[in-house]
Amino acid sequence: MQHTRRQWIAGIVGALTLGALGAALGGWLAWGTAPDLPDDRAAITLVQPLVPASRLSVDRRHDPAFGYDPPEGAAALLLGGDDYNGGYVAFRVDPPSQNLTGALGIARQALVDGNWTVSTRPADLAGQLDGVVAVRGDLVVQAYQEGASGLVLEIGRREPAPVGPTVAFGALAGLVLGWLGMRRAAEGTRLTAVLAWTGAGFLAPCTLLTFPIAITMYVAPVTGTVASWDIYTAFGFRFLANLGILLLLAATATTLIERRRHLPR
C-alpha cells in the first residue's frame with residue numbers, strides 16, 4: 001500500500017513537472033515561426049495615419065521573437081532577467097499629444113479605417129487604463145498613455161497560429177513522459193531517486209506558475225505576446241530551472257545506465 005502511494009505521488013509530480021516543461025517547450029518552438037517586424041520606414045508608414053498631425057520617429061526597437069531587452073549576456077542565460085518580451089517597435093510622437101482622449105479617438109478611427117481589428121478588452125492593454133489595441137495579419141498595434149509623455153505607439157507580433165496546438169501537445173506529451181519517467185526513477189537506485197526528486201523540487205516554482213499561464217492562454221487569450229515559458233526566464237527562476245533540468249537529465253542518464261547493466265549479455 002505504501003509502495004503504491006509512493007508510485008502515485010511520484011507519477012503525479014513527474015507528470016506536472018514535465019507537463020509544464022512540455023508546454024513551455026511547445027510554445028518556444030511555435031514562436032520560432034513568428035515573422036520579422038517591419039523595418040523602421042515600413043513601421044512608420046504603418047502607424048503614421050494614427051497621428052496625422054504629428055511627426056513620427058522610431059524611439060527604440062527589439063527585434064527578436066522573445067529575448068531579454070536589453071540583451072543581458074551569459075549572466076541572464078544562467079540566472080535569468082527581468083525584461084523578456086516578444087519584440088516591438090516603439091515610436092516617438094512629436095509633438096506629444098496634449099489631448100489624450102482626442103488622440104486616442106483619432107488613432108482608434110484610423111485603425112478601423114485601415115481594416116485593423118480593434119480590441120475592446122482591458123486585458124489586451126497590459127495594465128494600461130487608457131489605450132487601444134488592434135490586430136491585422138501578423139502584427140499588433142498599441143496606442144496608450146505612458147506617464148507625462150503623452151501618446152505612445154508600438155508595433156508588436158501577433159501570436160502565431162501554431163502556438164496553441166503545440167503548447168497543448170507539449171503539455172500532454174510531458175504529462176505522459178513525466179508520469180512514466182518519475183515512477184521508473186522512484187523505483188531505481190537511490191542516486192536516481194535523489195536526482196529525480198531534487199530536480200523536480202528545483203523546478204517546482206516554475207511548474208506551479210506555468211500551468212496558470214498556459215491555461216490563461218486558452219481561457220482568456222490576449223491579443224499581444226505571451227510566452228508559455230516566461231517564468232523559466234525570470235531572474236532567479238531560470239537558475240532554479242537550469243539546476244532542475246540538469247538533475248532530471250542526470251537521473252535519466254543513471255536510469256539508462258542501470259537498465260543497460262541489467263540487460264542480458
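For region 157-264, list the helices (runs of 4 or more DSSP H) that sit wholly inside it and hold at least 1 residues that are of a type in the set (Ser, Thr, Tyr) and within 24 Å of the chain's Cα centre (by Cα); which are they? Break it down into steps so the answer makes sense when it comes.
Values: elements: 163-187, 190-219, 237-261.
Correct list: 163-187, 190-219.
Do we have residue 6 as of a type in the set (Lys, Arg) and either closer than 18 Å to residue 186 by Cα or touching a Cys at 6+ places or on another chain (Cβ under 7 Å) (or both) here? Let's see the steps before the verdict.
On the way: of a type in the set (Lys, Arg): yes; either closer than 18 Å to residue 186 by Cα or touching a Cys at 6+ places or on another chain (Cβ under 7 Å) (or both): yes.
Answer is yes for this residue.
Listed here are the residues, each with its yes/no results for (1) modelled with pLDDT of 90 or more; (2) touching a strand residue (DSSP E or B) at 6+ places or on another chain (Cβ under 6 Å).
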| site | (1), (2) |
| --- | --- |
| 143 | no, yes |
| 154 | yes, yes |
| 157 | yes, no |
| 164 | no, no |
| 169 | yes, no |
| 173 | yes, no |
| 182 | yes, no |
Unmet criterion (only one of (1) within 21 Å of residue 110 (Cα to Cα); (2) among the hydroxyl-bearing types (Ser, Thr, Tyr); (3) under 16 Å from the mean Cα position of the chain (by Cα)) for residue 54
(3)
Examine region 88-97 for a residue that is modelled with pLDDT of 90 or more and in contact with a helix residue (DSSP H, G or I) (Cβ under 9 Å, 6 or more places away or on another chain), and state whether such a residue exists.
yes
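Give the residue, chosen from 56, 100, 111, 46, that is free of Cβ contacts under 8 Å to residues at least 60 places away in the same chain, over 30 Å from residue 201 (Cβ atoms), assigned by TED's automatic domain parsing to the domain that holds residue 144 and not polar (S, T, N, Q).
On the way: 56 fails: free of Cβ contacts under 8 Å to residues at least 60 places away in the same chain; 111 fails: free of Cβ contacts under 8 Å to residues at least 60 places away in the same chain; 46 fails: free of Cβ contacts under 8 Å to residues at least 60 places away in the same chain.
Going through 56, 100, 111, 46 in turn, the sole match is 100.
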Pairs, first over 21 Å from residue 26 (Cα atoms) in region 191-215, second surrounded by fewer than 17 Cβ atoms within 10 Å (Cβ to Cβ) and modelled with pLDDT under 95, C-beta under 7 Å, six or more apart
192/258
Give region 135-167 a look and list any residue that's farther than 20 Å from residue 65 by Cβ and surrounded by fewer than 22 Cβ atoms within 10 Å (Cβ to Cβ), or say none.
144, 145, 146, 147, 148, 149, 150, 152
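Can you tell me how many residues within region 142-192 are among the polar types (S, T, N, Q) and over 30 Å from residue 253 (Cβ atoms)?
Filtering region 142-192 down to residues among the polar types (S, T, N, Q) leaves 142, 145, 149, 166, 189, 192.
Narrowing the set further to residues that are over 30 Å from residue 253 (Cβ atoms) leaves 142, 145, 149.
Selection size over region 142-192: 3.
Does residue 107 count as surrounded by 18 or more Cβ atoms within 10 Å (Cβ to Cβ) and part of a loop (DSSP other than H, G, I, E, B)?
Numbers: surrounded by 18 or more Cβ atoms within 10 Å (Cβ to Cβ): yes; part of a loop (DSSP other than H, G, I, E, B): no.
Judged against the criteria, residue 107 is not a match.
Which of the residues that make up region 143-189 are among the charged types (D, E, K, R) and within 30 Å of residue 56 (Cα to Cα)?
146, 154, 157, 158, 159
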Which condition number does residue 240 fail, the rest of (1) within 30 Å of residue 140 (Cα to Cα); (2) at pLDDT 95 or above; (3) not polar (S, T, N, Q) being met?
(1)
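The values are calculated or read from the model by the stated rules, or taken from the named source; none is laboratory data. Nothing here was measured: the structure is a model prediction, and the numbers come from that model. Here Cβ is always computed from backbone atoms with ideal geometry, including for glycine, and neighbour counts include all displayed protein chains.
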